[in-house]
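First comes the structure, then the notes that go with it.
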Amino acid sequence: MSILAVGVDISKNYFQIHAVNENGKVELRKKATRDNFINTLNQIPKCKIYMEACGGSNYWGARIKDLGHEVKLISPQYVKPFVKSNKNDRNDAEAIVEAGIRPSMRFVELKAQWQQDIQSTHKIRERLVTERTALVNQIRGLLQEYGIVIPQGINKIRKELPKIVEENGFSGLMKGNISDLYEELTGIDGKIKKYEERIKSILKDNEICQELIKIPGVGVLGATMLIVELGNTSVFKNGRHFAAFLGLVPRQHSTGGKDTLLGISKRGNVYLRKLLIHGGRAVMRFVGNKKNRESLWLKSLEERAGMNKSAVAWANKIARKAFAIAHSKGKYVQDHIPKLNNSKSVPLKNSSEGQIFKKVTISENNNSSALKTA
């Protein structure tokens, strides 16, 4: 049996296998149960195994990789165009292998167990934060029915709720209800704090995370999630490719030779993109009095494009800086200027005007470089 590639459609209990040879002819089409799935693939000669990037794909990818096969994960949106006629497991498995053998296909990197562990910690914390927000909204809604309005901010709820129970003429039933809600809020706060401590311990144990957190706009959450996505930097061609992977570049709708750029594409990890954009907004709040190169650039951009676009632009910068640090395992340098290879404009400080741009040329003498202003 000469098999070039295998497409696998995975689910909880049943797995559809579709194998083709180098001519594209079907060599094997089989439905396997969860118990005999690995044994079935072990009987197939070593080849490329393609699967959709979905729930369980990292686990099964690691199991299949241990058998000696090369595992490739494909985003479901790239598989859908190859599904023939009606959707079912057989057609899905065939579409997966058809998409996988395309020379220009893009693949998703398998996550290691440590990456899954960090991501799981973040997901649990995020779910608890969502539950806390829903609980606070319910508390506000119930109190509003009694004519009580608490100022904005979750800290106001924590501070005012015990006083409200004592000072207002609630019935015994309602006092019990509010006390239960306050107790529930306190319990969720404690759980969130516990997971945040676990995330901080991850930061302390990882040198790259300790450099990433030095980037303005990157906190503990952002640094630990960035290291998850940058576990294998060789997947990305450069920093811009990583920013595009996170959906932080413009979406195109071009035709007829006319380029049309829309808002950001919003692809990739929604949670990480949210953290980076919030980090960008935090940076924009404090650029007003700063005179360093990046702050001056942000202030200039804000005047032209507005606060929100500037925040997204800085989120894009964060992604590119993070890629450079993780790829080179280097240190974060504020206002870093890339090494110049050709004559180009670079910023020079000026005490009266903040910053100006002058033409510079580079002349190489043996192993040294001399920077001269034109």
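Condition test on residue 291, is it loosely packed, with under 15 Cβ neighbours inside 10 Å, touching a Gly at 6+ places or on another chain (Cβ under 9 Å) and touching a residue at least 60 places away in the same chain (Cβ under 8 Å)?
Yes.
Go through the range 55-70 and give me each residue that's without any contact (Cβ under 8 Å) to a residue 40 or more places away in the chain and of a type in the set (Phe, Trp, Tyr).
Residue satisfying the conditions is 59 alone.
So, of the residues in the range 83-103 that are in a loop (DSSP other than H, G, I, E, B) and either of a type in the set (Lys, Arg) or at pLDDT 90 or above (or both), which turns out to be nearest to residue 19 (Cα to Cα)?
Across the range 83-103, the extreme among qualifying residues is 101.
Okay, residues lined up against (1) modelled with pLDDT of 95 or more; (2) not hydroxyl-bearing (Ser, Thr, Tyr):
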| residue | (1), (2) |
| --- | --- |
| 173 | no, yes |
| 195 | yes, no |
| 233 | no, no |
| 244 | no, yes |
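Across the range 75-105, what is the total count of residues that are under 14 Å from residue 15 (Cβ atoms) and touching a helix residue (DSSP H, G or I) at 6+ places or on another chain (Cβ under 6 Å)?
Total satisfying the criteria: 1.
Might you let me know whether the range 311-318 holds any residue that is touching a Ser or Thr at 6+ places or on another chain (Cβ under 8 Å), in the same structural domain as residue 211 (by TED's automatic domain parsing) and surrounded by fewer than 21 Cβ atoms within 10 Å (Cβ to Cβ)?
The answer is no, given that none of the residues of the range 311-318 is touching a Ser or Thr at 6+ places or on another chain (Cβ under 8 Å), in the same structural domain as residue 211 (by TED's automatic domain parsing) and surrounded by fewer than 21 Cβ atoms within 10 Å (Cβ to Cβ).
Scan the range 61-76 and tell me whether some residue there is polar (S, T, N, Q), at pLDDT 90 or above and in contact with a Leu (Cβ under 6 Å, 6 or more places away or on another chain).
no
Yes/no matrix, rows are residues, columns are (1) surrounded by fewer than 19 Cβ atoms within 10 Å (Cβ to Cβ); (2) under 15 Å from residue 319 (Cβ atoms):
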site: 175; (1), (2): yes, no
site: 178; (1), (2): no, no
site: 188; (1), (2): yes, no
site: 206; (1), (2): yes, no
site: 232; (1), (2): yes, no
site: 242; (1), (2): no, yes
site: 255; (1), (2): yes, no
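Give the residues of the range 259-288 that are hydrophobic (A, V, I, L, M, F, W, C), under 24 Å from residue 126 (Cβ atoms) and without any contact (Cβ under 8 Å) to a residue 24 or more places away in the chain, sorted by residue number.
Matches in the range 259-288: 270 only.
For the range 104-146, name all the residues that are among the acidic types (Asp, Glu) and either within 16 Å of the chain's Cα centre (by Cα) or not in a helix (DSSP H, G or I) (or both).
109, 117, 126, 145
Restricting to the range 76-111, name every residue that is surrounded by 21 or more Cβ atoms within 10 Å (Cβ to Cβ) and more than 21 Å from residue 4 (Cα to Cα).
Of everything in the range 76-111, just one residue is surrounded by 21 or more Cβ atoms within 10 Å (Cβ to Cβ) and more than 21 Å from residue 4 (Cα to Cα), namely 111.
So that you can scan it fast, the table gives a plain yes or no per residue for (1) farther than 30 Å from residue 194 by Cα; (2) not assigned by TED's automatic domain parsing to the domain that holds residue 20:
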| site | (1), (2) |
| --- | --- |
| 42 | yes, no |
| 87 | yes, no |
| 126 | no, yes |
| 144 | yes, yes |
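Hey, does the range 254-264 have a residue that's at pLDDT 90 or above, touching a helix residue (DSSP H, G or I) at 6+ places or on another chain (Cβ under 9 Å) and farther than 14 Å from residue 226 by Cα?
Looking through the range 254-264, none of the residues is at pLDDT 90 or above, touching a helix residue (DSSP H, G or I) at 6+ places or on another chain (Cβ under 9 Å) and farther than 14 Å from residue 226 by Cα.
The values are calculated or read from the model by the stated rules, or taken from the named source; none is laboratory data. The structure displayed is predicted, hence computed values, not measured ones. Cβ atoms come from the backbone with ideal geometry, glycine included; neighbour counts cover every protein chain shown.
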